[in-house]
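Participant: Starting off with a structure, shown below.
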Amino acid sequence: MKKTVSLFLALILMSTVLFGCADGGGSSAAAGKDGASAAEGGEPVTIEVAVSGSAQELEIHQQKFDLYTQEHPNVTIKPVDIGTERFQKLMALIGSGTAPDIIYINEWCYSLAYRNVLMPLDPFMESDEAFDLSYYPESLLLPLRYEDQLFALPQEVSPYVMYYNKDMFNAAGVELPTDDWTMEDFYAAAKALTNAEEKVYGYRHPGAWADQILNWFSLSGVEYDTSGTEVKGLDTPEALEALQFLYDLVVVDQLSPNPASLTAMGKSADAMFRNQSVAMEAAGLWMLPQYKADALPFEWDVVRMPKGETQNVKAGILNWGISADTEHPEETWELLKFLAGPEGMRIVAESNMALPAAADDAANQIVLDTKFPENVKAFVDSVPDVDMTDQLSIYRTEVNTKMQELVDKMLIGESTPEETQQALIKEINAILAG
């Protein structure tokens with residue numbers, strides 16, 4: 001192992017990203033000139049792949065694995081479920097010397113590449129004449145490059161949109177939202193749909209989820225950047241306006257339950273939307289397999305996130321990379337190419353689980369043709385506005401944890417937007433200083 005077990009276990013207990021540099025770089029072995037490897041025939045090999053998600057998502061991953069092993073009978077694929085505490089479970093596996101061959105990365109590429117957990121993919125790509133990196137949008141590759149090397153391939157992207165209950169809108173006489181609605185339109189609808197006596201809310205802002213905070217920052221025009229030693233964008237009027245917007249939404253007008261209330265309720269991610277306790281929630285395509293398997297008992301649809309200064313949004317992503325300690329680099333590269341290639345993208349598209357993370361019009365058309373939900377096009381149209389710049393930091397997890405803590409403190413009424421802004425700048429700069 002490139003890392004010491006003690007370092008990883010100590011940081012697992014802290015539930016945060018590792019600090020300090022690792023020693024040495026990961027070794028790599030490139031595939032053959034034509035991209036072929038022992039995966040196409042030869043000695044049996046077992047490749048472990050980290051997976052996570054709902055039962056529906058795990059089944060979709062298994063479909064891809066089954067298709068690959070049918071074509072490569074000497075390969076056995078062993079899924080390693082890292083559950084919902086993905087980063088912590090992954091760190092435990094790495095720290096114990098049992099990292100899977102293909103690592104489920106989400107947004108942690110910078111942190112893992114910095115510490116030599118991942119194998120650079122450039123030697124494989126340079127030796128594989130069949131591989132075409134232009135298949136992937138540059139915007140999705142940006143956070144997967146570290147020090148001029150690529151460390152992962154994107155498999156799926158799921159931009160945030162607004163899910164809304166049509167029945168609740170119609171019953172309240174509120175006009176249904178359209179893809180060009182504004183933050184003012186959203187706020188007015190949330191207010192009209194909130195019934196304090198019945199404990200029914202216009203919107204559900206989930207606590208302890210920095211991406212949801214950053215999503216409103218992006219819409220508000222905040223040019224948030226933590227790639228250097230000091231945070232940029234948080235000392236601006238736009239950042240204060242975004243914090244004030246959330247404060248008014250949750251604390252002043254109580255159009256969403258606050259983080260403490262959500263914790264006390266113990267509701268799952270979609271339970272309040274399903275039981276019609278909230279009229280709107282922001283999420284990606286990952287809700288669709290659940291809503292298809294267990295239909296919602298009301299009319300609903302999605303719409304693009306409301307326009308503020310921009311219509312830029314965050315997104316849920318799945319990236320996969322190769323462990324620096326894999327014993328089967330060539331075979332693992334072949335499998336990675338398949339999972340993040342056209343066949344893997346087709347299965348993702350057919351599942352409605354996410355959008356293909358590639359310039360693949362045929363796969364995107366599969367998603368559009370489902371017409372599930374009616375305005376599924378809102379997801380596809382949001383992709384060009386996905387903002388990934390918050391991922392360009394080796395300290396992203398620490399920064400996001402601190403942001404969640406400080407903003408949640410504001411949303412339970414323990415600090416003002418102005419105090420929160422100053423605390424965010426101070427605390428995030430301390431983290432970025434190392």
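The values are calculated or read from the model by the stated rules, or taken from the named source; none is laboratory data. This structure is a prediction, so every number in the text was calculated from the model and none was measured. Neighbour counts run over all protein chains shown; Cβ positions are idealised from the backbone, glycine included. Note: areas computed on protein heavy atoms with side chains; ligands, DNA, RNA excluded. Shrake-Rupley method; radii C 1.70, N 1.55, O 1.52, S 1.80 Å.
Participant: Considering only residues that are aromatic (Phe, Trp, Tyr) and assigned to a loop (DSSP other than H, G, I, E, B), look in segment 168-219 and name the one that is surrounded by the most Cβ atoms within 10 Å (Cβ to Cβ).
Facilitator: Filtering segment 168-219 for residues that are aromatic (Phe, Trp, Tyr) and assigned to a loop (DSSP other than H, G, I, E, B), the one surrounded by the most Cβ atoms within 10 Å (Cβ to Cβ) comes out as 203.
The rows are residues; the columns are (1) among the aliphatic types (A, V, I, L, M); (2) in contact with a His (Cβ under 8 Å, 6 or more places away or on another chain); (3) farther than 25 Å from residue 110 by Cβ.
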{"site": "260", "(1), (2), (3)": "yes, no, yes"}
{"site": "275", "(1), (2), (3)": "no, no, yes"}
{"site": "314", "(1), (2), (3)": "no, no, no"}
{"site": "317", "(1), (2), (3)": "yes, no, no"}
{"site": "323", "(1), (2), (3)": "no, no, no"}
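Participant: Confirm whether residue 298 is open to solvent by 10 Å² or more (accessible area, probe 1.4 Å), of a type in the set (A, V, I, L, M, F, W, C) and modelled with pLDDT of 95 or more. Step through it out loud before you land on a result.
Facilitator: Details: open to solvent by 10 Å² or more (accessible area, probe 1.4 Å): yes; of a type in the set (A, V, I, L, M, F, W, C): yes; modelled with pLDDT of 95 or more: yes.
Spelling it out, residue 298 is indeed open to solvent by 10 Å² or more (accessible area, probe 1.4 Å), of a type in the set (A, V, I, L, M, F, W, C) and modelled with pLDDT of 95 or more.
Participant: Sticking with this one: Pull out all pairs, ordered by first then second residue, where Cβ-Cβ is under 6 Å, the residues are six or more apart or on different chains, the first lies in segment 226-250 and is free of Cβ contacts under 8 Å to residues at least 60 places away in the same chain, and the second is surrounded by fewer than 18 Cβ atoms within 10 Å (Cβ to Cβ) and not aliphatic (A, V, I, L, M).
Facilitator: 232/225; 233/223; 233/225
Participant: Here's another thing I want to ask about it. Sort out which residues of segment 371-429 are charged (D, E, K, R) and farther than 30 Å from residue 352 by Cα, and write them in order of number.
Facilitator: 398, 402, 405, 408, 409, 414, 418, 419, 426, 427
Participant: Can you tell me which condition residue 337 does not meet? The list is (1) outside any helix (DSSP H, G or I); (2) closer than 28 Å to residue 146 by Cα; (3) open to solvent by 10 Å² or more (accessible area, probe 1.4 Å), and all the others hold.
Facilitator: (1)
Participant: Considering only residues that are touching a helix residue (DSSP H, G or I) at 6+ places or on another chain (Cβ under 6 Å) and among the β-branched types (Val, Ile, Thr), which ones fall in segment 311-342?
Facilitator: 313, 322, 326
Participant: Output the residue which, of all residues in segment 350-379 that are within 20 Å of the chain's Cα centre (by Cα), surrounded by fewer than 23 Cβ atoms within 10 Å (Cβ to Cβ) and modelled with pLDDT of 95 or more, is nearest to residue 63 (Cα to Cα).
Facilitator: Result: 376.
Participant: In addition: Are there any pairs with C-beta distances below 6 angstrom linking a residue in segment 374-390 that is of a type in the set (Gly, Ala, Ser) to a residue that is open to solvent by less than 40 Å² (accessible area, probe 1.4 Å) and not in a helix (DSSP H, G or I), with the two at least 6 apart or on different chains, and if so which?
Facilitator: Here the result reads 378/161; 378/302; 378/303; 378/304; 382/159; 382/304; 382/313, each pair linking segment 374-390 to a residue that is open to solvent by less than 40 Å² (accessible area, probe 1.4 Å) and not in a helix (DSSP H, G or I).
Participant: Moving to a separate point now. Residues being charged (D, E, K, R) and surrounded by fewer than 19 Cβ atoms within 10 Å (Cβ to Cβ): count how many of those fall in segment 78-118.
Facilitator: 5
Participant: What's the total number of residues in segment 180-219 that are without any contact (Cβ under 8 Å) to a residue 24 or more places away in the chain and either under 24 Å from the mean Cα position of the chain (by Cα) or closer than 23 Å to residue 424 by Cα (or both)?
Facilitator: 0
Participant: Sticking with this structure for a sec: Could you please find all residues in segment 121-147 being acidic (Asp, Glu), surrounded by fewer than 12 Cβ atoms within 10 Å (Cβ to Cβ) and not in a loop (DSSP other than H, G, I, E, B)?
Facilitator: Of everything in segment 121-147, those that are acidic (Asp, Glu), surrounded by fewer than 12 Cβ atoms within 10 Å (Cβ to Cβ) and not in a loop (DSSP other than H, G, I, E, B) turn out to be 126, 138.
Participant: Return only the number of the condition from (1) in contact (Cβ under 8 Å) with a residue 24 or more places away in the chain; (2) under 22 Å from residue 131 (Cβ atoms); (3) in a helix (DSSP H, G or I) that residue 364 does not satisfy.
Facilitator: (1)
Participant: Further, regarding this structure: Filter segment 304-357 down to residues that are among the basic types (Lys, Arg) and in contact with a Ser or Thr (Cβ under 9 Å, 6 or more places away or on another chain), then give me how many there are.
Facilitator: Summing the residues that are among the basic types (Lys, Arg) and in contact with a Ser or Thr (Cβ under 9 Å, 6 or more places away or on another chain) in segment 304-357 gives 3.
Participant: Then there's this: What tally of residues in segment 45-77 results from selecting those that are part of a loop (DSSP other than H, G, I, E, B) and either in contact with a Cys (Cβ under 8 Å, 6 or more places away or on another chain) or surrounded by 14 or more Cβ atoms within 10 Å (Cβ to Cβ) (or both)? So that I can check it myself, show each step before the final result.
Facilitator: First, pick out the residues of segment 45-77 that are part of a loop (DSSP other than H, G, I, E, B): 52-54, 72-74.
Of the ones still in play, those that are also either in contact with a Cys (Cβ under 8 Å, 6 or more places away or on another chain) or surrounded by 14 or more Cβ atoms within 10 Å (Cβ to Cβ) (or both) are 52-54, 72, 74.
Residues in segment 45-77 being part of a loop (DSSP other than H, G, I, E, B) and either in contact with a Cys (Cβ under 8 Å, 6 or more places away or on another chain) or surrounded by 14 or more Cβ atoms within 10 Å (Cβ to Cβ) (or both): 5 in total.
Participant: From the list 330, 281, which one is under 27 Å from residue 179 (Cα atoms) and among the acidic types (Asp, Glu)? Before the answer, list the steps.
Facilitator: Values: 330 fails: under 27 Å from residue 179 (Cα atoms).
None of the other options fit; the residue is 281.
Participant: Need at least 2 residues that are touching a residue at least 24 places away in the same chain (Cβ under 8 Å), over 17 Å from the mean Cα position of the chain (by Cα) and over 30 Å from residue 123 (Cβ atoms) per element, so show me which strands (runs of 3 or more DSSP E) inside segment 254-333 make the cut, counting only ones lying wholly within it.
Facilitator: Where strands (runs of 3 or more DSSP E) fall fully within segment 254-333 and carry at least 2 residues being touching a residue at least 24 places away in the same chain (Cβ under 8 Å), over 17 Å from the mean Cα position of the chain (by Cα) and over 30 Å from residue 123 (Cβ atoms), they are 300-304.
Participant: Let me ask another. Pick from segment 148-167 the residues that are under 24 Å from residue 282 (Cα atoms) and of a type in the set (A, V, I, L, M): which of them is surrounded by the fewest Cβ atoms within 10 Å (Cβ to Cβ)?
Facilitator: Out of the qualifying residues, it is 162.
Participant: List pairs: first in segment 412-429 and at negative phi, second modelled with pLDDT under 95 and open to solvent by less than 20 Å² (accessible area, probe 1.4 Å), Cβ under 7 Å, 6+ apart or cross-chain?
Facilitator: Close Cβ pairs satisfying both conditions: 412/259.
Participant: What number of residues within segment 220-229 satisfy the criterion of being outside any strand (DSSP E or B) and under 13 Å from residue 390 (Cα atoms)?
Facilitator: Adding up the residues that qualify gives 6.
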